[in-house]
Structure formats: C-alpha cells, structure tokens
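Here's the structure, in structure tokens; my notes come after.
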Amino acid sequence: MTAIDPDDHTVDELTAELDTVDDEDELQAILEAERAGQDRATAREAVHQRLAEIGADGDESDGVEEGTETEGEYEETKEDVGEEAQDDAAEAADDEPAEAADDEPAEDDGLSHPTRDKKHVRALADGDYADLWVFCETQGGELLEVSKEMLGKGRELMDQFADDYGDEERVVAFLMGDDCEGLAEECIAYGADVAVYHEDERLERFLHKPYTEISAHMARGEGTVESTDWRDYDKPRYVLFPATNNGRDLSAKVQAELDSGLASDCSDLFIEENEISNPVKTGEPGVKKTVKKVLHMKRPDFSGFEYSTILCLDNPDRDFHPQGCSVIPGSFDPIERDPDREGLVVEHDMALEDDWFRVEITEYDRLEAGIDLTGHDVIVCLGRGIADDPTEGMELGLDLVDAFDDAELGITRGIVTSSYQFEGHVEQYSKEERQIGETGQVVAPDVYIAAGVSGAVQHKVGMDESDTIVAINTDPDARIRDFSDYFVEGDLFDVLPRLTAAVESGETALEPEAVADGGDE
C-alpha cells in the first residue's frame with residue numbers, strides 16, 4: 001500500500017502530491033496503483049514526469065506502442081526549446097554518414113507522404129494569451145467589407161470582455177500587402193486598438209506560403225524588439241479570419257501552424273464561461289470543470305436547418321490557442337468609421353525567403369468586377385420556378401429589384417446548372433457569380449425575397465441570416481416555407497408584378513404583409 005492513493009485525488013491534486021515524493025520505488029507503486037485503478041493517461045504521465053525529475057528511468061512502456069502518440073504526449077519543437085533545437089539537429093545531421101539514408105529502402109505503404117515518422121507539434125502549456133486578432137483582407141488597395149465587419153464585432157466582443165472579466169484586452173488587426181500602412185490606419189478607424197502590417201511588393205496578391213509564415217510570425221510575437229515590444233504574451237487569445245476564398249485558405253494553414261483548432265464559416269460569436277465534463281478535457285471521468293473566457297463560435301450544421309456551437313478547449317497540459325474561426329461575410333455590421341480614433345500602428349519586421357515566392361505572376365488580364373451581393377437592403381432571388389418562361393421570369397425579378405432603392409438580383413444553383421435559354425440582356429444575370437448558397441455567396445439583407453425557390457439545404461446556408469424572408473411558391477409544402485417569415489402561395493409570374501407595383505406605389509414600405517395578406521393569393 002502506498003502513502004498516496006491516486007484514486008483519492010484528481011489529476012491536478014495528484015500532480016501536486018507527487019512533488020513531495022523523491023523515492024523511485026514509491027513512485028512506481030503509485031504508478032501501479034493508478035494502472036490497477038482508474039488508469040488515467042494524464043495521471044500516469046504525471047508519475048512518469050516525476051520519475052524523470054528525480055533521475056529515474058521508470059517503466060515507460062505503459063502499454064503504448066513505440067512510435068505512437070497518446071493524449072497529452074507531444075514532441076518538443078523550436079517553440080519549446082528555442083534555437084538550440086535547430087542547432088542540435090543540424091549538428092546531428094552533419095555527424096551522420098551521407099550514405100546512411102540509402103541503407104534501407106523506403107517502405108512502400110501506398111502514400112505519397114508517409115505519416116509513420118510524422119513529428120507532432122507541441123502547443124504551449126500554461127502559456128500567456130491575450131487580445132483578439134483579426135485578419136483584415138484587402139483587395140485593390142482597400143479593406144474588404146468583411147474586414148470592417150469583423151473589426152466591429154471584435155470591438156463589441158472585447159468591450160464586453162472588459163465588462164465581464166475586468167481585463168482590458170485589445171482588438172489587433174493584422175494585414176499584409178505591397179502598400180498597406182494606410183490600410184492599417186483604416187483598421188484603427190474601424191475599431192482596432194493595434195494594427196500590425198507587413199509591406200512587401202511581392203505581397204500584392206495572396207500567396208499561401210508567405211501569408212501563412214508572416215501571420216504565424218506575427219502571432220507568436222517574433223521579430224525585432226521595435227515590432228514586438230507592444231505585447232507581452234505568447235499567442236493571441238482569439239483570432240478571426242474572413243470566410244472568403246483566401247480567408248478560408250489562410251485560416252486553416254495559420255491555425256495548423258499555431259497548433260490550434262478552427263471553426264469555419266461562423267455566423268455568430270460570443271464569449272462566456274462553459275462547464276465541461278469531457279474526460280479528454282478535464283483529465284479524468286466524472287469530473288466537471290468550468291472554463292472561462294471561451295469563444296463560442298456558432299455555425300450552420302451540415303443539414304442547414306440547425307446551428308452548432310464550436311468550442312476550442314484546452315486538454316490537460318495542452319493548450320489550444322488562439323481559439324479561431326472564419327466569419328461568413330455579412331454576418332455582422334461594421335461600426336461607424338471614426339477617423340479621429342487613436343491606436344497603435346506597427347510595422348512588422350521579418351525576412352521573407354525567396355523560396356516562398358516560387359510562383360510568380362508574370363502577366364494577367366483584369367476581369368470585369370464580379371457581382372457582390374452582400375451589403376444590400378434587399379435581395380430578390382429566383383429559382384427553378386421561372387422554368388415556364390425563363391426570360392420573362394428573369395425580367396420580372398429585375399423589375400422588382402429596380403423598384404427598391406438598394407436591391408440586387410440573386411439566383412439559385414438550379415438556374416446556373418440548368419439548360420434554360422435566355423434571350424437578350426437577361427442572359428448575363430444567369431451566371432454563377434450571382435449564385436447564393438453553400439457554393440455561392442452568403443447574404444444577410446434586411447429583406448430576402450425568394451421567388452420559385454424550393455429551399456434546398458445548400459441554398460438555405462447562403463441566406464438564412466436574412467432579417468425577413470419572403471417566399472413565393474406554388475407548392476405549399478416547399479421546404480422554404482419552414483424557414484420563411486412570410487409565405488405566398490402563388491405563381492411568381494402573377495405575384496412578382498403585383499409586388500413590384502406595390503413597392504413602386506409605396507404601399508408596402510418594405511413591409512411584406514401587403515403581399516402576404518392581400519388579394520386572393
């Protein structure tokens with residue numbers, strides 16, 4: 001019987017008790033008692049760590065096959081041991097005979113990149129984290145609208161954070177490009193406290209490797225004293241990316257580089273504490289733990305009819321920071337621009353390797369500006385209901401768009417992939433650039449009018465955040481009825497002209513009741 005019974009302690013309590021034990025035999029007895037009892041991986045790891053501290057080899061087998069990894073065990077990296085790790089590795093490589101690599105043929109396991117010898121990246125444990133970072137994407141020398149939206153939401157979150165926890169943490173914008181100092185100052189005007197930028201003429205267009213390396217370098221606080229002395233923490237607490245093509249790409253790469261998780265395509269965010277009982281997160285079964293300052297990241301699930309809330313929580317002895325996500329454009333409103341708002345603008349310092357720019361764009365043709373459906377008060381979306389007369393159906397949708405002060409026309413994927421024949425100028429409105437849905441644009445207007453749209457899950461994802469949804473359909477059982485605020489049972493060829501006339505006369509004043517309740521439709 002040991003002086004310490006591991007079954008009487010949580011993992012944290014047991015770890016503290018182990019610090020008082022210096023006898024190898026007693027530690028081995030505690031280890032055996034743990035195996036015979038609750039057999040917690042994190043508890044066994046704590047005993048092994050104490051054995052190592054007193055200089056004992058201990059029994060390392062623990063039922064773990066060599067070359068594999070269990071929860072809580074990670075390889076050391078440069079982040080843990082600094083530059084010495086790279087130097088030692090280089091020296092070891094120099095000592096090896098050049099022909100050693102050819103002694104044994106590579107095992108053919110059918111993979112182009114075998115994972116057998118993969119080294120796992122170890123995140124910081126008990127690191128120091130602070131601030132909410134926002135990647136501000138730019139295009140054509142301007143901030144994208146979604147960048148302003150995320151800054152506004154970040155400002156709201158961190159103001160509430162200060163009220164809830166009494167900690168003043170900042171909104172930090174980070175961006176890169178060939179001439180972006182002025183845009184960094186714009187980030188301050190839209191809510192950031194600090195804006196960190198990296199300028200290089202080679203960064204004019206998004207490139208995977210340099211953008212990832214620079215972002216991770218910034219987040220870790222690496223660089224010259226002049227570019228990093230404004231902060232005193234290991235990594236950001238939270239980080240937001242736009243759910244654009246480039247933002248989705250960058251968010252996954254950067255979060256992997258920083259050894260954390262990612263919730264993609266989120267439409268709402270809030271910060272609060274959360275009680276958890278998952279033994280992977282608490283360290284042992286049956287124990288509940290309250291975690292504070294958790295970013296709750298809400299996103300549509302795969303059905304499109306429900307929402308999931310994603311949490312990025314630490315494991316025992318294993319931190320996952322930054323807690324990160326990508327944000328669907330149009331999910332939030334930017335705050336009003338304040339040109340007099342004060343903040344810190346920091347130029348980031350980092351040497352960029354030439355190898356990161358192996359892909360070079362030597363010449364290009366500029367396409368006509370695409371169609372941005374976000375930011376409009378009203379969206380009129382047409383679906384397969386126009387099939388009886390595609391050209392007239394499109395014209396009726398455009399007439400309704402013209403009746404509003406700020407509206408735009410969208411279409412479903414059904415129209416994009418159809419073989420409908422459009423005549424005259426309306427053909428240009430049938431292109432993929434106007435598609436709304438999971439594989440198209442995501443919009444959140446004040447009023448969304450869906451005419452002849454069935455309500456497929458993939459389409460719902462692209463418009464479900466709209467304030468008011470008006471559906472027009474001949475099928476009373478169409479799925480879109482389930483998530484519409486107003487449903488008009490009728491033929492769009494009859495309803496759209498009446499709705500257009502009502503808007504032009506001012507009878508609706510953007511209130512759809514006039515159509516939903518009027519007449520015999």
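So the values come out like this:
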quantity: Gyration tensor (alpha-carbon) shape descriptor, segment 334-404, a/c threshold 1.5; calculated: oblate
quantity: Trypsin sites (Lys or Arg not before Pro) lying in DSSP loop within segment 239-326, provided at most 10 other Cβ fall within 10 Å; calculated: Lys288
quantity: Fraction of beta bridges assigned by DSSP in segment 301-443 that are antiparallel (%, nearest 5); calculated: 10 percent
quantity: Under Karplus coefficients 6.51, -1.76 and 1.60, residue-wise ³J(HN,Hα) of segment 421-429 in Hz, glycine/proline x; calculated: 9, 9, 9, x, 5, 6, 4, 5, 8
quantity: Loop-resident sites, segment 380-449, for GluC sites (Glu not before Pro), counting at most 13 other Cβ within 10 Å (DSSP); calculated: Glu423
quantity: Cα gyration tensor shape for segment 314-358, rounded if a/c is under 1.5, else prolate or oblate; calculated: oblate
quantity: Accessible area of Ser454 in the full protein assembly, 1.4 Å probe (Å², nearest 10); calculated: 70 Å²
quantity: Segment 190-205 - phi-based ³J(HN,Hα) in whole Hz, Karplus 6.51/-1.76/1.60, Gly and Pro as x; calculated: 9, x, 6, 8, 9, 10, 9, 10, 10, 9, 6, 4, 6, 9, 4, 10
quantity: Heavy-atom accessible surface of segment 359-426: percent carbon and sulfur, 1.4 Å; calculated: 41 percent
quantity: Long pairs among Lys298/Lys431; Lys235/Lys460; Lys153/Lys253, criterion Cα-Cα beyond 28 Å; calculated: Lys298/Lys431; Lys235/Lys460
quantity: Cα gyration tensor category, rounded, prolate or oblate, for segment 233-391 with a/c compared to 1.5; calculated: oblate
quantity: Cα Rg over Rh - segment 192-325, Kirkwood; calculated: 1.01
quantity: Rounded Å value of the spacing that divides the Cα centres of segment 142-158 and segment 263-319; calculated: 23 Å
quantity: Dipole moment magnitude, nearest 20 debye, segment 263-317 about Cα centre, only Lys, Arg, Asp, Glu C-beta charged; calculated: 120 debye
quantity: Rounded to 5, percent antiparallel among DSSP beta bridges of segment 121-197; calculated: 20 percent
quantity: For segment 488-497, 3J(HN,Hα) per residue [Karplus equation, 6.51 cos²θ - 1.76 cosθ + 1.60, θ = phi - 60°, Hz, x = Gly/Pro]; calculated: 9, 7, x, 7, 4, 5, 9, 7, 4, x
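The values are calculated or read from the model by the stated rules, or taken from the named source; none is laboratory data. Quick caveat: nothing in here was measured; it's all calculated off a predicted structure. Neighbour counts are summed over all protein chains in view; Cβ atoms, including those assigned to glycine, are modelled from backbone coordinates with ideal geometry. Quick note on the areas: whole protein, heavy atoms, side chains included, nothing else; ligands and nucleic acids left out. Shrake-Rupley method; radii C 1.70, N 1.55, O 1.52, S 1.80 Å.
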